[in-house]
Amino acid sequence: MKAVAHNEGSGDMTIELPSAPMPRGSLIPGSYSEFEIEMEARRLQSAIKQPVRWSLDTCRAIAPLTLEINDLKREKDVFLIAHSYQTPDITYGVADSVADSYALSKDARDAPQQTILFSSVRFMAETAKIVSPHKLVLHPSPQAGCSLSDGITAQDIRDLREMHPGAPVVCYINTSAEVKAECDVCVTSSNYMRICEILPGDSLIFVPDRFMGKHLQNHLAGKKEIIVFDGECEVHAAFTGDKIRNWRKRTTAVGINLKVLSHPECDADVIEESDFVGSSEVLMNEALRLVSEGNKDLMLITECGTADRVIAESDDDLNLIGACVMCPHMKTTQLEDILQALRNPRPEQVIELDADVIERASLCLDEMFRLTEYSASAF
Ligand code: 13P
Ligand code: SF4
């Protein structure tokens, strides 16, 4: 593997990624020898592939934490899942699975371990509990919410049903367990178009993301009426088509053939300006494909974690241009929170849901798995 320091300080158009979060000092990690710490620090640095931001000194400071987390995972037979927007010390230091929300829900369901630790925001940990109710699901940062899931309630769904009787309700996975329990089918950024397309009927209610709702309205115009709720992701809402047009102008002026890759939680104007749209995992894979074919100048219109992942997963030189936006909720979790939850979880770090909510919400998620598999085999 080529240990390249790509995308660190290669010009004024290069993306600025968040600096490495240093341990807060809230826990005393287990004791490890100097040799073990040195080996672990080198492993972390070579996996993350950002040797300036993640210097050896920084990696040495976090190594005792990753060493103890990995020991505890083995000892307690825990499967540690991390969303792509977690910091690289988590995704490349301690996670057993890193991906988008669809793949992670399946991994939570299918992991043989009876304890799942979900490093991410609350709705994802709740989803893990819904798909595997017999497992112990730990969520290190109970305060980590999401502007989409926190902006809609179960009562909102009941009101929408009353206003539009007979229309099926499709919810984005970024919703609470109580909201999912009121809906007919759940979707993620990787399957929402296909699922909404194949659902029977000439109308549907889509919640809570108004931008994804708008993409559905555009895509299904003349075929289906899409009734949309008014939520948004505060991170992806920050991007605009104007900003992309400006970046294209600047890069074209210096002979750069920029490829713009966006997440569907962005506005329609952003999607219009993009060369490719997909979930966090699909975006990363497309970026890797482009880079491997020699298109090294990319702009990732999404949360900063995707850039961290592309850098870590690519063996080729690349140039990530523009600016990413950091999700404050996703970035709440640090290694110390994970370690503390593994050592001795506080009651609020154990996901507990009403049996009735689990039963009804699992119908909504099962329908998503069924329709995703059906649409994959049908097309
Ligand atoms: P995906 O990882 O499924 O694309 O979702 C992104 C997201 O918004 C997570 O909060
Ligand atoms: Fe929610 Fe947006 Fe953060 Fe994802 S990136 S957790 S959708 S606020």
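The values are calculated or read from the model by the stated rules, or taken from the named source; none is laboratory data. None of these values were measured; they are calculated from a predicted model. Cβ coordinates were reconstructed from backbone atoms using ideal geometry, including for glycine residues, and neighbour counts include every protein chain displayed.
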Of these, L288, L283, which one is among the aliphatic types (A, V, I, L, M), within 16 Å of ligand 2 (Cβ to nearest atom) and either within 15 Å of the chain's Cα centre (by Cα) or not in a strand (DSSP E or B) (or both)?
L283
Do any helices (runs of 4 or more DSSP H) lying entirely in the stretch 105-200 carry at least 2 residues that are at pLDDT 95 or above, more than 24 Å from C266 (Cα to Cα) and charged (D, E, K, R), and which ones are they?
122-131, 154-163, 177-182
Could you tell me which residue of the stretch 279-316 is nearest to T87 (Cα to Cα), considering only residues that are in contact with a helix residue (DSSP H, G or I) (Cβ under 6 Å, 6 or more places away or on another chain), within 14 Å of ligand 1 (Cβ to nearest atom) and among the small types (G, A, S)?
S280
Options Y192, Y172: the member that is within 16 Å of ligand 1 (Cβ to nearest atom) and either without any contact (Cβ under 8 Å) to a residue 60 or more places away in the chain or in contact with an Asp or Glu (Cβ under 8 Å, 6 or more places away or on another chain) (or both):
Y172
With the requirement that a residue be more than 16 Å from ligand 2 (Cβ to nearest atom), touching a Ser or Thr at 6+ places or on another chain (Cβ under 7 Å) and either closer than 17 Å to W54 by Cα or assigned to a strand (DSSP E or B) (or both), what does the stretch 309-328 give you?
N319, L320, I321
Set M22, M1, M13: member being at pLDDT below 95, aliphatic (A, V, I, L, M) and in contact with a Gly (Cβ under 9 Å, 6 or more places away or on another chain)
M13
Filter the stretch 176-210 for residues that are closer than 17 Å to H263 by Cβ and of a type in the set (V, I, T); the one that is nearest to ligand 2 (Cβ to nearest atom) is T188
How many residues does the stretch 85-136 contain that are within 14 Å of ligand 1 (Cβ to nearest atom), touching a Lys or Arg at 6+ places or on another chain (Cβ under 9 Å) and of a type in the set (S, T, Y)?
3
Condition set in a loop (DSSP other than H, G, I, E, B), over 19 Å from L27 (Cα atoms) and not polar (S, T, N, Q), scope the stretch 68-102, selection farthest from ligand 2 (Cβ to nearest atom): answer is D77
